[in-house]
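Asker: Let me begin by handing over the structure; questions about it come next.
The values are calculated or read from the model by the stated rules, or taken from the named source; none is laboratory data. This is a predicted model, so every value here is computed, not measured. For neighbour counting, all protein chains shown are included, and Cβ atoms are generated from backbone atoms with ideal geometry for every residue, glycine included. These accessible areas exclude ligands, DNA and RNA; they are computed on the full protein's heavy atoms, side chains included. Shrake-Rupley method; radii C 1.70, N 1.55, O 1.52, S 1.80 Å.
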Amino acid sequence: MSGIRRREFVILLGGAATAWPLAARAQQERTRRVGVLAGYERHVPEFEAFRKQLHELGYIEGKNLVIDWRYSDEGTARLSILAEELVALRPDVLVSITTPATPAVKAAAGDIPVVFSIVGDPVATGFVASLAHPGGNMTGQSIVAVDLSGKRLELLREIIPTASTLAVIWNPTNSAVRLAWHETQDAALPLGLRLISIEVRTVSDIVSAFDIAKQEGCQGLIVLPDPLTGSHRSAIIALAAKARIPTVYGYREYVDEGGLLAYGANYRAVYRRTAIYVDKILKGTKPADLPVEQPTTFDLVVNLKTAQALGLTIPPSLLVRAEVIE
């Protein structure tokens with residue numbers, strides 16, 4: 001090799017060596033886009049767990065991350081429009097929050113990876129082929145866990161052991177909630193409890209639900225988790241207090257805001273896992289290779305101030321198991 005060619009070779013090699021880390025760094029630092037469709041009418045505080053986890057993983061909004069949020073609890077037509085809006089922004093990953101939002105995202109996504117969160121049974125609803133092997137371009141977090149409905153009934157019975165009639169507020173337009181309603185019915189049979197089904201599809205239905213429960217002589221009430229009821233939880237808590245009906249909810253935020261009792265998956269933990277799945281996909285993992293996760297962290301929370309206002313004494317056996325809000 002001549003001197004000139006040798007020098008050219010060294011220069012080219014040095015240039016390539018410099019270019020490779022620069023290219024890798026540019027790849028790492030390029031702005032990633034995540035589109036989020038939530039089946040709620042607004043941004044709820046629990047979503048911050050998702051944003052905080054992404055931050056801890058090295059994603060900074062305004063620097064290397066853009067999150068486009070869309071919200072609605074107004075049914076499939078509106079959700080489909082919002083999903084198409086997100087797809088038009090060309091995100092790297094789509095996130096669907098709640099069971100009602102997920103079909104809209106699935107229909108609009110094309111080949112964009114999707115991470116779903118806070119959904120019911122993703123296999124029964126056709127989102128994935130199986131929990132262990134999702135297939136396709138979707139995976140995520142389910143909140144289905146064995147015996148949740150039965151445990152809520154048992155907890156309410158512990159607080160009001162003489163109860164014979166309970167009301168259940170639930171949204172029949174949500175397939176996951178329909179499943180929870182059937183599970184609640186099954187759990188009530190061996191306990192000899194009579195259930196009053198109160199279906200809610202609108203805010204006005206929620207307002208009248210407590211009147212129906214009083215008219216039916218219900219001694220307690222269960223609110224099944226759903227975007228509609230979740231979006232209006234402050235109103236539900238106030239209505240329960242006014243009607244003086246002991247009420248159990250599906251997640252702790254109700255109790256934080258003054259509800260009596262909650263048992264269910266820790267939503268903040270689920271949102272953190274959702275962010276971790278988004279990170280894995282942004283780094284190259286295929287959704288089909290990420291098993292659908294079920295909750296591992298559960299909350300049992302009781303509000304003693306609310307119990308006292310209702311004239312209830314919480315059994316010591318429940319207090320030692322629960323997180324107590326004074």
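Asker: So, in the stretch 59-77, how many residues would count as being closer than 16 Å to Arg272 by Cα and touching a residue at least 24 places away in the same chain (Cβ under 8 Å)?
Answerer: Keep residues of the stretch 59-77 that are closer than 16 Å to Arg272 by Cα, which gives 59-60, 67.
So of that shortlist, the ones also touching a residue at least 24 places away in the same chain (Cβ under 8 Å) come out as 59, 67.
Within the stretch 59-77, residues that are closer than 16 Å to Arg272 by Cα and touching a residue at least 24 places away in the same chain (Cβ under 8 Å) number 2.
Asker: Applying the selection to the stretch 123-136, what residues are under 17 Å from Lys286 (Cβ atoms) and either surrounded by 19 or more Cβ atoms within 10 Å (Cβ to Cβ) or aliphatic (A, V, I, L, M) (or both)? Before you say what the answer is, go through the steps one by one.
Answerer: In the first step, residues of the stretch 123-136 are kept if they are under 17 Å from Lys286 (Cβ atoms); the result is 127-136.
Phe127, Val128, Ala129, Leu131, Ala132, Pro134 - these are the residues of the stretch 123-136 that are under 17 Å from Lys286 (Cβ atoms) and either surrounded by 19 or more Cβ atoms within 10 Å (Cβ to Cβ) or aliphatic (A, V, I, L, M) (or both).
Asker: Right, something else. Looking at (1) hydrophobic (A, V, I, L, M, F, W, C); (2) in a helix (DSSP H, G or I); (3) under 18 Å from Lys214 (Cα atoms), which is the only condition Leu166 fails?
Answerer: (2)
Asker: Right, something else. Filter the stretch 195-204 for residues that are modelled with pLDDT under 95 and not in a loop (DSSP other than H, G, I, E, B) and give the result.
Answerer: Passing the criteria: Val203, Ser204.
Asker: Give the residues of the stretch 137-153 that are open to solvent by less than 30 Å² (accessible area, probe 1.4 Å) and within 29 Å of Thr285 (Cβ to Cβ), sorted by residue number. Lay out the reasoning, then the answer.
Answerer: Residues of the stretch 137-153 that are open to solvent by less than 30 Å² (accessible area, probe 1.4 Å), as a first pass: 138-142, 145, 148-150, 152-153.
If the condition is that a residue be open to solvent by less than 30 Å² (accessible area, probe 1.4 Å) and within 29 Å of Thr285 (Cβ to Cβ), then Met138, Thr139, Gly140, Gln141, Ser142, Ala145 are the ones that fit.
Asker: For the condition aliphatic (A, V, I, L, M) and under 17 Å from the mean Cα position of the chain (by Cα), what is the one hit in Ala167, Ala180, Ala213?
Answerer: Criteria check complete, one pass: Ala180.
Asker: Also, quick follow-up: Which one of Leu193, Leu179, Leu189, Leu156 is aliphatic (A, V, I, L, M), out of contact with any strand residue (DSSP E or B) (no Cβ under 9 Å at 6 or more places or on another chain) and surrounded by 14 or more Cβ atoms within 10 Å (Cβ to Cβ)? Explain how you work it out, then say what you get.
Answerer: Details: Leu193 fails: out of contact with any strand residue (DSSP E or B) (no Cβ under 9 Å at 6 or more places or on another chain); Leu189 fails: surrounded by 14 or more Cβ atoms within 10 Å (Cβ to Cβ); Leu156 fails: out of contact with any strand residue (DSSP E or B) (no Cβ under 9 Å at 6 or more places or on another chain).
Step by step, each of Leu193, Leu179, Leu189, Leu156 is checked, and only Leu179 is aliphatic (A, V, I, L, M), out of contact with any strand residue (DSSP E or B) (no Cβ under 9 Å at 6 or more places or on another chain) and surrounded by 14 or more Cβ atoms within 10 Å (Cβ to Cβ).
Asker: Sticking with this one: For Gly284, work out the one condition from (1) more than 20 Å from Leu54 (Cβ to Cβ); (2) out of contact with any helix residue (DSSP H, G or I) (no Cβ under 6 Å at 6 or more places or on another chain) it doesn't fulfil.
Answerer: All conditions are met except number (1).
Asker: Would you mind finding the one in Leu94, Leu89 that is surrounded by fewer than 20 Cβ atoms within 10 Å (Cβ to Cβ) and at pLDDT 95 or above?
Answerer: Leu89
Asker: Within the stretch 159-172, which residues are surrounded by fewer than 17 Cβ atoms within 10 Å (Cβ to Cβ) and within 20 Å of Leu228 (Cβ to Cβ)? Let's see the steps before the verdict.
Answerer: Taking the stretch 159-172 first, the residues surrounded by fewer than 17 Cβ atoms within 10 Å (Cβ to Cβ) are 160-162, 164-165, 172.
Of everything in the stretch 159-172, just one residue is surrounded by fewer than 17 Cβ atoms within 10 Å (Cβ to Cβ) and within 20 Å of Leu228 (Cβ to Cβ), namely Pro172.
Asker: Could you check the stretch 32-62 and list, in sequence order, the residues that are open to solvent by 10 Å² or more (accessible area, probe 1.4 Å) and either of a type in the set (Gly, Ala, Ser) or over 20 Å from Ala269 (Cβ atoms) (or both)? Can you show your working first?
Answerer: Applying the first criterion (open to solvent by 10 Å² or more (accessible area, probe 1.4 Å)) to the stretch 32-62 yields 32-33, 41-43, 45, 48-49, 51-53, 55-62.
Correct list: Arg32, Arg33, Glu41, Arg42, Ala49, Gly58, Ile60, Glu61, Gly62.
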